[in-house]
Amino acid sequence: METRTKMSKITYFAYGCGDFASNLCWTFIGSYLSIFYTDVVGMAPAVASALMLIAKLWDGINDPMFGAIAERTKTRFGRFRPYILYGSPFLAVFSVLAFTTIGKGAAAVAWAAFTYIGCGMLYTVVNLSYGSLSTVMTDDTEELVTLGSWRMIGTNAGSVFLNAISAPLLLYFSGNTGKYTSSGYTKVAFLFAICALPLFMFVFVKCKEVITPVNQERKITIKESIKCVVTNKPLMLIFFVQLFSLGSFFGRMGVAVYYFIYNMQRPDLIGLLMSFPSITTIVGIVVTKPLWLKFGRMRMQAIGLLGQAASLTAIWFVGGTQGYDNAALLIVLHGIYGFSMYTCAIPMGMIPDAINYEEDRSGVRADGTSYAAVSLSTKFASAFGVSAALFIMGKMGYVANQAQTADGLSSINFSVNLFFAIVALIGIIPALMYPLNEKKNNEIKARLAKKREEAKREK
């Protein structure tokens, strides 16, 4: 059996930098683009909601197509690394363009659609390729778990960094007027984009591809790849777990600023309340990681989702009044909510197991298409969460840039908190249905290793 050198700590660190860089571009969009559309561009919440929804429906077509293209790519750099090298500069550009405006009314909406959809497609090119790297960097379960942990540490470290400084930077670049301006958003987006590029290059240099599919000599059609992904039960369950788990996090993050501004009336705490959950998420990952393999990763996922639902319900209950003055309690509850989000690290680390399952079952190793499916769930989680929340807010009484009525405040509190508690609870169902455990994963890897050795001897 082929043996490989264990990955170095610098490789783990470099891999974590990939999602840190991605979040410098994408988290700013996820956290602030909705309020940029409603309060700066002047879109009605329903229009902004529809735009984001349409963009993600397109991703439903675009992401699997690109995944299939990526896994068929053959270069001296590998299948996935070239897309990080060449795609990241374009992602950086479009992440800035998303926070620019052209014209008014229909023209402004058209420009917003072009830049948002373009940014989403480029994020697919870069982040899907980055995520797929783990499947070809190692087949060792512990290393895969560690890579997944470093990825989520990078994700949350990026969120902490970005959310801690975004609000102060927006105020500064908006001329300290007390209101965020269009140019303020553009300048902050540009700053984050510039910081992201060298980190993407670091990933490209340090994260090498070493795993070759057993079926590398057999041409697999795109249709066959997609069929194998859709009929891969473990992968589809990971898809839905990720959809509801990250929907509870990224979806909420996209509208949480409304709650801090209008309900709490504490814009000075936006940086803290947006970043603190990400800090406690990192703590949660470190504290709970030893328990993932011991008690089962999906069982730990279900426990974390229950914690998310409980903490968000508590926030909805205790912080429902305008100008609620017990900020300390809300900060603590946001910390508990963030700790429970250790769940975000688990599903991504399980994708290689689902890929191995399908390769063992059908002979098809659809790395790129599989990651595209789960990447799509991440995008859907954010977009559908934000879209649904904006739609509810608009229907229940929210009016942009005005003092909110009691109905408006109630709509924000429900949309930001209780709605996403319900989303988290739904995610427990697919988590408890997941069929693979560590014993089954090891049996599958042993069979695949044997097949690779036989294929190597036959050449």
- Query: When segment 236-267 is examined, which residues are found to be surrounded by fewer than 23 Cβ atoms within 10 Å (Cβ to Cβ) and charged (D, E, K, R)?
  - Reply: R266
- T100 meets each of (1) surrounded by fewer than 22 Cβ atoms within 10 Å (Cβ to Cβ); (2) free of Cβ contacts under 8 Å to residues at least 60 places away in the same chain with one exception, condition (2)
- Note on the structure: Subset of segment 87-116, residues out of contact with any Leu (no Cβ under 9 Å at 6 or more places or on another chain), over 20 Å from L191 (Cα atoms) and not basic (K, R), comes to I102, G103, G105, A106, A107, A108, A110
- Task: Return the total of residues in segment 370-394 being aromatic (F, W, Y) and over 19 Å from S49 (Cβ atoms).
- Result: 1
- Item | Condition met for I355 (surrounded by fewer than 24 Cβ atoms within 10 Å (Cβ to Cβ) and either within 21 Å of the chain's Cα centre (by Cα) or not acidic (D, E) (or both)) | no
- Just one of the numbered conditions (1) part of a helix (DSSP H, G or I); (2) in contact (Cβ under 8 Å) with a residue 12 or more places away in the chain; (3) under 29 Å from N401 (Cα atoms); (4) not aliphatic (A, V, I, L, M) is not true of Q265; which one? (1)
- Only one of (1) in contact with a Leu (Cβ under 8 Å, 6 or more places away or on another chain); (2) assigned to a helix (DSSP H, G or I) fails for M43. Which number is that? (2)
- Determine which single condition P347 fails, assuming it passes every other condition in (1) of a type outside the set (S, T, N, Q); (2) buried (at least 21 other Cβ atoms within 10 Å of the Cβ); (3) in contact with a Leu (Cβ under 7 Å, 6 or more places away or on another chain). (3)
- Query: Is it the case that some residue within segment 119-134 is more than 18 Å from the chain's Cα centre (by Cα), farther than 26 Å from A449 by Cβ, free of Cβ contacts under 8 Å to residues at least 40 places away in the same chain and crowded, with 17+ Cβ neighbours inside 10 Å?
  - Reply: no
- Note on the structure: The one condition S8 fails out of (1) surrounded by fewer than 23 Cβ atoms within 10 Å (Cβ to Cβ); (2) polar (S, T, N, Q); (3) under 25 Å from A373 (Cβ atoms) is (3)
- Restricted to segment 358-390, and to residues that are among the β-branched types (V, I, T) and part of a helix (DSSP H, G or I), which residue is surrounded by the most Cβ atoms within 10 Å (Cβ to Cβ)? T369
- Query: For segment 322-333, does any single residue satisfy the condition of being within 30 Å of L133 (Cα to Cα), touching a Ser or Thr at 6+ places or on another chain (Cβ under 7 Å) and assigned to a helix (DSSP H, G or I)?
  - Reply: no
- Considering each of E209, E143 in turn, give the residue that is surrounded by 18 or more Cβ atoms within 10 Å (Cβ to Cβ), in contact (Cβ under 8 Å) with a residue 12 or more places away in the chain and of a type in the set (D, E). E143
- Item | Residue that is nearest to I351 (Cα to Cα), among those in segment 142-197 that are among the aromatic types (F, W, Y) and in a helix (DSSP H, G or I) | W150
- Pull up segment 437-458, narrow it to residues that are at pLDDT below 90 and either of a type in the set (A, V, I, L, M) or not in a helix (DSSP H, G or I) (or both), then point me to the one that is nearest to E358 (Cα to Cα). L448
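Okay, residues lined up against (1) assigned to a helix (DSSP H, G or I); (2) under 19 Å from the mean Cα position of the chain (by Cα); (3) modelled with pLDDT of 85 or more:
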{"site": "A21", "(1), (2), (3)": "yes, yes, yes"}
{"site": "S31", "(1), (2), (3)": "yes, yes, no"}
{"site": "A70", "(1), (2), (3)": "yes, no, no"}
{"site": "P82", "(1), (2), (3)": "yes, no, yes"}
- Task: Within segment 80-120, track down each residue that is over 13 Å from F36 (Cβ atoms) and either hydroxyl-bearing (S, T, Y) or touching an Asp or Glu at 6+ places or on another chain (Cβ under 6 Å) (or both).
- Result: Y83, Y86, S88, G120
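The values are calculated or read from the model by the stated rules, or taken from the named source; none is laboratory data. Just so it is clear, the structure is predicted and the values come from calculations on it, not from any experiment. Using ideal geometry, Cβ is built from the backbone for each residue, glycine included, and neighbour counts are taken over all protein chains shown.
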